[in-house]
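Notes to accompany the following structure.
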């Protein structure tokens, strides 16, 4: 069975500082990994994904994520946080072959960026 | 940019009543999904739909739930007899395809804004 862990319920960071939102996963075979963001009263918005290739994936709004196979991690990063980045962030994973094509989501991490 | 839309944004119903949640997926997408998110909890998969039939469903998606694509644009989730524990945010999503093509994933799911269902 595939699973995702987001170990932090909340991450606090000052505006202008770098941010990291952590995600680790478990899946059979090679993973497909996704990050979504959810603003208040809105649906999930796709940020970025890792399928294959470079371990560093760049996505929307200046976010990037680094795939680390040995640590089974896919942490979301941004060099300089904005107050407007404050939202709920979800990591998701699914296997790349056979079985279900449905991603499993983590519990979400609330990012709070302070002015 | 095309987007998934959902109506209503908020639905309040009495326990035991039937509700229908509506979604309009992105027009050229072929796969459709319903997820739910109970307040403060993670997003949970309910069902996926392709070619006018269910392709996958979770254990949450029991006989009280059904999905339909009644015309070329709408995708609906029906709950026949709502329970208190059905109160949640329900998200519709769609994707162009389900798997990969030429090494590039085409299965990114795009989500609607959600319908908040409150069962009293």
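Numbers for the structure displayed
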{"read-out": "Two-site FRET efficiency, residue A:61 against residue B:60, from Cβ-Cβ distance with R₀ of 35 Å, rounded to 0.05", "value": "0.65"}
{"read-out": "Beta bridge orientation in chain B: antiparallel %, DSSP, nearest 5", "value": "90"}
{"read-out": "Backbone N within segment B:27-51 under 20 Å of label point (7 Å from residue B:74 Cα along the Cβ vector)", "value": "B:27-35, B:47-51"}
{"read-out": "Relative contact order [Cα under 8 Å, 6+ residues apart], chain B, whole percent", "value": "36"}
{"read-out": "Which of A:112, A:102 has the fewest Cβ neighbours within 10 Å, and the rest in rising order", "value": "A:112, A:102"}
{"read-out": "Exposure proxy ranking, count of Cβ atoms within 10 Å, fewest first, for A:21, A:13, A:83, B:24", "value": "A:83, B:24, A:13, A:21"}
{"read-out": "Distance in nm between pseudo-label sites at residue B:14 and residue B:27 (7 Å out along the Cβ direction from Cα)", "value": "4.2"}
{"read-out": "Contact order normalised by residue count of segment B:1-53, Cα under 8 Å, 6+ apart, percent", "value": "28"}
{"read-out": "Mean Cα-pair separation over length for chain A, i.e. relative contact order, pairs under 8 Å, 6 or more apart, %", "value": "38"}
{"read-out": "Whole-angstrom gap from segment B:51-71 to segment A:20-64, using each part's C-alpha centre", "value": "27"}
{"read-out": "Residues A:42, A:107 arranged by fewest to most Cβ contacts within 10 Å", "value": "A:42, A:107"}
{"read-out": "Distance between modelled label sites at residue B:81 and residue A:70, nm, 7 Å Cα→Cβ extension", "value": "5.7"}
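Here, each number is a calculation from the coordinates, and none is a lab measurement. Owing to the predicted nature of the structure, the values given are computational and were not obtained by experimental measurement. Every residue, glycine among them, receives a Cβ derived from its backbone with ideal geometry; neighbour counts consider all protein chains shown.
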